[in-house]
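In what follows, a structure is listed as C-alpha cells, so that the remarks can point back to it.
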Amino acid sequence: MAEHNGKVVINKLEKTYLDGKGKPAFTAVKGIDLIIEDGEFMVLVGPSGCGKSTTLRMVAGLEDISEGTISIGDTVVNKLEPKDRGIAMVFQNYALYPHLSVFTNMAFSLQLSKVPKAEIKKRVDIAAEILGLSDMLERKPKALSGGQRQRVAVGRAIVRNPKVFLFDEPLSNLDAKMRVQMRTEISNLHERLGTTILYVTHDQVEAMTMGDRICVMNAGEIMQVADPLTLYKHPENMFVASFIGSPPMNLIHGKLKLDNDQAYFIENEGDTHPLGTIKLKGPSAQKAKEIGSRPVVLGIRPEHLYERSQHENEAEFTAPVSLAEPMGAETLLHMDMANHRLIGRIQNDRLFKRREEVTLYLHLDKCSFFDPTTEQVL
Amino acid sequence: MNSGSKRLTRKLLAHAFLILFIMMIMTPFLTVIASSFSRGNFAPSKLIPTEISLNHWKYVLGIPYDEVVNVTTGETRTLKADVVPIRWFWNSIKISIIASGGILLLSGTCAYAFARMKFAFKNQTMTGLLILQMFPMVLALVAFYTILEFIGQFAPRMGLNTHAGLTLIYLGGVSIYIWMIKGYFETISTSIEESARIDGASPFQAFILILLPMSAPIFAVVFILSFISYMSEYPVASVVLQTGDQWTLAVGANSFLYEQQKLWGRFSALAVLSGIPITVLFIICQRFLVSGLTAGGVKE
Ligand SMILES: Nc1ncnc2c1ncn2[C@@H]1O[C@H](COP(=O)(O)OP(=O)(O)O)[C@@H](O)[C@H]1O
Ligand SMILES: [Mg+2]
C-alpha cells in the first residue's frame, strides 16, 4: 500500500453558505491554508461551529467550495465527485445502511464499482479481521453496539482503500470508555495502513493524543498548526492557549514595565490582585526587555504554579483559595484574582480548605506574553 | 373480599366490556355477510338467516339461476345479469392498483425532491399542495368532466367513460401522500445518502438502493391507503364512468339501490366481495409494515 499519495493541499479555502434565496448568508470558512503531508494524521480541532465539518465536507466533496482550491495527491479536486477523490469518510452518527448486513455495508462501494465477488469478499474479510468484526458480518447494524457500529463505518472506509481518510467526530457518540478504546484503535489503524487521516474533533484530549499535527480552528479561521507539544508549550495566540490544555492556561491581564535594567509585570488593578507587581528574572526578563513597556497578557499553565519553591526564577505570591478540587495525585486550586480566576495544578499530599491563604511559586521561565488587542504571542 | 376475588371481578368486567365492544364492531359486518346469503332482497333482521340462499352470489358472480316469479303457480325464470357485477370488481381492482402504483411513483419522487433538493419556491409549492388538497375532489367534478371530454376529442381512450381517464384524475390526489412520504424521508439522516454518494452511488442509485428500501413501511402505508380510497371512491367514478360495463364496484353497487327498490342482498354480496382485495393487500403488505427498519443506521 505504499503507492498512495494522500497529500492534501488546501489553498485559500472559503465557504459561504447561501440562504434560501441564493444570497450569501454566512461565511463558515474564511480563506484557510493548510498542507497535510502524505501519511500524516492531521487533527482539526476547535469549538463547535467553528467550521471544522464544513472544511472536511469540502474536502470530501459533499459541500461546494466557494473560493480557493483543494488538491489531493497533486490533483485539484474542486470539481470531482466524492467517489473520484480517493477519500473515504466516517460520520459522527455512523451513517450505516440499516437495511443491509454488515458485510454489504462494507462491500457497497465495491459492488457499485463492479469489483469481482471474490475480490470483494477478500477485502471485506481483511477489513473485518482488522476491526474484529469477522463474527458479525451477517448481522444488521441494529444488532450491534455503538462501538461495533462505528467499527463497521471505519471498515466501510477501509475497504475502499482510499488515499485519505476523513473522520468527522467519530467518537463523540460513544461512551467514555469506548471512546478511549476506539481512540487507540484508530491510532493503531493509522500506524498499520499509513494512510493520510484528516480527523475532526472538538475534544482537545482526542486532538492531543491522536494527531501527528493539530490544526486549531476558531470562527472559520486557522489559529495555529503544530505538533501537540509545540501547541501546548508555545501557543501562538490566546485562543490556542486557552483552548488546548485542561484546565486551560491562565491568562493574566497587566503590563510590562522596564525600570533601571529591571523588568516587572504589573497586574491590572482589581478588587484583589495578589500577584500585584512581580519582578521578572532570567529568560522572562530578557523577553520583557525585547517587548518593551506595554500592556500584555501573561500566560502561565496551571502546572507551573508550585506550592514549594523549586526553581531559580520564581515569583512568590499569596492568595486565598476559592475552590479546591482534589484529583488524587494533584489538586486543582482556584484562586480569584483581579479580573479572572487563577488555577494551579498542585502536586500535594494534603487537603486544602476554602479561603485558606496559600503561598504559591510561579515559574517565570514558563511564562508567555500576549498582545491584549491582537491576542497574538509576543 | 380478598384481593384475589377483587382481581377476578375486575378481569371479568374488562372482558365483558371488550366482548361487547367487539360485538359492536362485528355486528354490521356479520349482518352484511348474512344479508348476502339470505333469500330475498331485504334488509336482514337476523344475524343467521333462516333460509340460506346463494342467489345473490350467483347473480353477482354471473352464474345463471332460477328465480320464482309467481308464487302460486311456481313459475320460474332463469336470471343472469346483462353486465355481470363481478366485472365491476375487476374494474375496481385494475383501476385501484394502477392508480395506487402511479401514486407511489409520483409521490415518492416528488417527496424526495421536496425533502432533499433545493429549488426556488419550494416552500410555497409545498404549502400550495397542502391547501389544494384540503378541498374535496368532488368540488372539481365539473372540471374533471370538462377536462376528460376535452382529452377525449384527441385521445378517446383517455376521455370520458374510460378507465384511463378515471385513473388520470385519481392521480391528482397525490399531494397528501407527498406530505406523508416527505415527512418520513426527513426522519432519515442525510448522512446515510452522503455515505452512499462517497461510496460511489449516483443520486438515483442512492434513492433506489438506500432510501427506498429504508422507506418500505411508508410506501406500504401509502399504497394501502390509496388502494382503499380508490376501491370505495364513488362521486368521481359515477360521473366519469357512464356505461355499466365500465363501472367500478362502488358505482355498480350503488345501482342496486333504486329509489323504489333497494336490492340489499345483491348490494351486500358486492360489499363482501370488495372486502376481499383489501384483506389480501393487508396480508401482503404486512411484512413491509415492520417498525425499526431504519434503526441502527445512525445515532443522533
Ligand atoms: N447548510 C448550512 N447553512 C448555513 N449555515 C451553516 C450550514 N451548515 C453549517 N452552517 C454554519 O456554519 C458554521 C460552521 O459549521 P460546522 O462546520 O458544522 O461547524 P463544526 O466546527 O461544529 O463542525 C456554523 O456556525 C453553522 O451554523
Ligand atoms: Mg461538526
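The values are calculated or read from the model by the stated rules, or taken from the named source; none is laboratory data. This is a predicted model, so every value here is computed, not measured. Cβ atoms come from the backbone with ideal geometry, glycine included; neighbour counts cover every protein chain shown. We work out accessible area using only protein heavy atoms, side chains counted, and drop any ligands, DNA or RNA first. Shrake-Rupley method; radii C 1.70, N 1.55, O 1.52, S 1.80 Å.
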For chain A, what does the alpha-carbon gyration tensor say about shape, rounded, prolate or oblate, given a ≥ b ≥ c as the root eigenvalues, a/c under 1.5 as rounded, and a/b over b/c as prolate?
-> prolate
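Between B:Ser53 and B:Leu30, how high is the FRET efficiency from 1/(1 + (r/R0)^6) when r is the Cβ-Cβ distance and R₀ = 25 Å? Nearest 0.05. Don't skip to the end; give the middle numbers.
Numbers: r = 17 Å, r/R0 = 0.68.
Approximately 0.90, to the nearest 0.05.
Tell me what chain B gives for mean residue ellipticity at 222 nm when only DSSP H runs of n ≥ 4 count, each as -39,500 (n - 2.57), the sum divided by the residue total, rounded to 500 deg cm²/dmol.
-19500 deg cm²/dmol
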Max mean-square fluctuation residue, GNM over chain A, Cα-Cα springs under 10 Å, options A:Gly194, A:Gly132, A:Gly344 = A:Gly132
Area accessible to solvent at A:Arg179, 1.4 Å probe radius, in Å² = 70 Å²
Rounded to the nearest 100 Å², what's the accessible area chains B and A bury against each other, both chains counted, probe 1.4 Å?
-> 2300 Å²
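Between A:Thr277 and A:Leu229, what is the FRET efficiency for a Förster distance of 45 Å, r being their Cβ-Cβ separation, to the nearest 0.05?
On the way: r = 32 Å, r/R0 = 0.71.
Plugging the Cβ-Cβ distance into 1/(1 + (r/R0)^6) gives 0.90.
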Loop sites in the stretch B:40-121: chymotrypsin sites (Phe, Trp or Tyr not before Pro), DSSP, at most 16 other Cβ within 10 Å | B:Phe42, B:Phe119, B:Phe121
Considering chain B as a Gaussian network with a 10 Å cut-off on Cα pairs, which listed residue, B:Ala34, B:Ala14, B:Ala196, attains the greatest mean-square fluctuation?
-> B:Ala14
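Taking only protein heavy atoms and a 1.4 Å probe, what accessible area per residue, in Å², does chain A have with all protein chains in place? Don't jump to the answer; show the numbers that get you there.
On the way: 16980 Å² over 378 residues.
For chain A, the per-residue accessible area is 45 Å².
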Given A:Lys281/A:Lys366; A:Lys257/A:Lys366; A:Lys21/B:Lys299; A:Lys7/A:Lys233, which pairs have Cα atoms separated by over 22 Å?
-> A:Lys21/B:Lys299; A:Lys7/A:Lys233
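Where the eigenvalues come from the Cα gyration tensor of the stretch A:250-370, what are the semi-axes √(5λ) of the equivalent ellipsoid, largest first, in whole Å?
Details: eigenvalues 131, 46, 24 Å².
Equivalent ellipsoid of the stretch A:250-370: 26, 15, 11 Å, largest first.
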Per residue, the convex hull volume that the Cα atoms of the stretch A:127-204 enclose (Å³) | 94 Å³
Note down the nm distance, to one decimal, between modelled labels 7 Å out along Cα→Cβ at B:Ala16 and at A:Leu18.
-> 7.1 nm
Rounded to whole Å and sorted largest first, what semi-axes of the equivalent ellipsoid does the C-alpha gyration tensor of the stretch A:70-170 yield via the square root of 5 times each eigenvalue?
-> 24, 16, 11
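Which loop chymotrypsin sites (Phe, Trp or Tyr not before Pro) in the stretch B:234-300, with loop taken from DSSP, have no more than 14 other Cβ atoms within 10 angstrom of their Cβ? Spell out each step's value before the answer.
On the way: sites: B:Trp247, B:Phe256, B:Tyr258, B:Trp264, B:Phe267, B:Phe282, B:Phe288; in loops: B:Trp247, B:Phe256, B:Tyr258.
Answer by residue number: B:Tyr258.
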Rounded if a/c is under 1.5, else prolate if a/b beats b/c, else oblate: with a ≥ b ≥ c from the C-alpha gyration tensor eigenvalues square-rooted, which is the stretch A:260-316?
-> oblate
List the pair-distance distribution P(r) of the protein assembly as shown, using every Cα-Cα distance, as the percent of pairs falling in each 10 Å bin from 0 up to the bin containing the longest distance, rounded to whole percents.
-> 3, 11, 15, 15, 14, 13, 11, 7, 5, 4, 2, 1, 0, 0, 0
Using a Gaussian network model of chain B with C-alpha springs under 10 Å, which one of B:Gln246, B:Gln261, B:Gln133 is most mobile by mean-square fluctuation?
-> B:Gln261
In whole angstrom, note down how far apart the Cα centers of the stretch B:37-88 and the stretch B:132-204 are.
-> 42 Å
Would you mind calculating the relative contact order of the stretch A:8-243 from Cα pairs under 8 angstrom and at least 6 residues apart, reporting the percent as a whole number?
-> 28 percent
Short version: ³J(HN,Hα) in whole Hz for each residue of the stretch A:302-313, in order, from phi by Karplus 6.51 cos²θ - 1.76 cosθ + 1.60 (θ = phi - 60°), x for Gly and Pro, what are they?
-> x, 6, 9, 10, 10, 7, 10, 5, 8, 10, 6, 9
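Over the stretch A:250-370, what is the relative contact order in percent, taking alpha-carbon pairs closer than 8 angstrom and at least six residues apart?
Details: 276 pairs, mean separation 36.6, N = 121.
Taking the mean separation of contacting Cα pairs over the length of the stretch A:250-370, I get 30 percent.
How much space per residue, in cubic angstrom, does the convex hull of the C-alpha atoms of the stretch A:1-88 take up? Working shown, then result.
Working: hull volume 9.1 nm³, N = 88.
Once divided by residue count, the hull of the stretch A:1-88 is 103 Å³.
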For the protein assembly as shown, the accessible surface attributable to carbon and sulfur atoms (probe 1.4 angstrom, ligands and nucleic acids excluded) amounts in percent to 59 percent
Tell me the label-point distance for the pair B:Gln286, B:Ile131, using the 7 Å Cα-to-Cβ offset, in nm and rounded to one decimal.
-> 4.4 nm
Whole Å is fine, so just give me how far the alpha carbon centre of the stretch A:327-353 lies from that of the stretch A:126-149.
-> 45 Å
What whole number of Å gives the distance from the Cα centroid of the stretch A:20-42 to the Cα centroid of the stretch B:227-300?
-> 56 Å
Quick one: length gained pulling B:Ser45 to B:Thr146 fully straight, 0.36 nm per residue minus the C-alpha distance?
-> 31.9 nm
Kirkwood-based Rg to Rh ratio, chain B, C-alpha trace | 1.09
When all protein chains stay in place, what accessible area (Å², nearest 10, 1.4 Å probe) is found for A:Leu80?
-> 60 Å²
Relative contact order (percent) for the stretch B:1-158, with alpha-carbon contacts under 8 angstrom and 6 or more residues of separation?
-> 9 percent
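Of all the Cα-Cα pairs you can form in the stretch B:154-241, what percent are over 15 Å apart? Don't skip to the answer; put the middle values down first.
Details: 2593 of 3828 pairs.
Within the stretch B:154-241, distances greater than 15 Å cover 68 percent of Cα pairs.
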Give the residues of the stretch A:5-27 whose amide nitrogen is closer than 19 Å to a point set 7 Å from the Cα of B:Ala120 in the direction of its Cβ.
-> A:18-25
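Which whole DSSP H helices in chain B pass both tests: a Cα extent of 27 Å or more along the axis and a mean Kyte-Doolittle value no lower than 1.0? Provide the component values of the computation, followed by the final result.
Working: long enough: B:3-37 (49 Å, 1.14); B:86-116 (44 Å, 0.94); B:264-285 (32 Å, 1.79).
Span-like helices, by this rule, are B:3-37, B:264-285.
What does the helix-only formula give at 222 nm for chain A: each DSSP H stretch with n ≥ 4 adding -39500 (n - 2.57), the total divided by the residues, and the result rounded to the nearest 500 deg cm²/dmol? Write down the numbers at each step before the final one.
Details: 9 runs with 96 residues, N = 378.
Helix-only estimate at 222 nm: -7500 deg cm²/dmol.
In the neighborhood of A:Leu13, defined by Cβ-to-Cβ distances under 12 Å, what is the net charge if each Lys or Arg adds +1 and each Asp or Glu adds -1? Mind showing how you got there, number by number?
Details: positive: A:Lys12, A:Lys15, A:Lys30, A:Arg57; negative: A:Glu14, A:Asp33, A:Glu63, A:Asp64, A:Glu67, A:Glu221.
Every neighbour counted, the sum reads -2.
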How much area per residue is accessible in the stretch B:133-202 when the probe is 1.4 Å and only protein heavy atoms are counted (Å²)?
-> 49 Å²
By its C-alpha gyration tensor, with a ≥ b ≥ c as the square roots of the eigenvalues, how is the stretch B:91-141 shaped: rounded for a/c under 1.5, else prolate for a/b larger than b/c, else oblate?
-> oblate
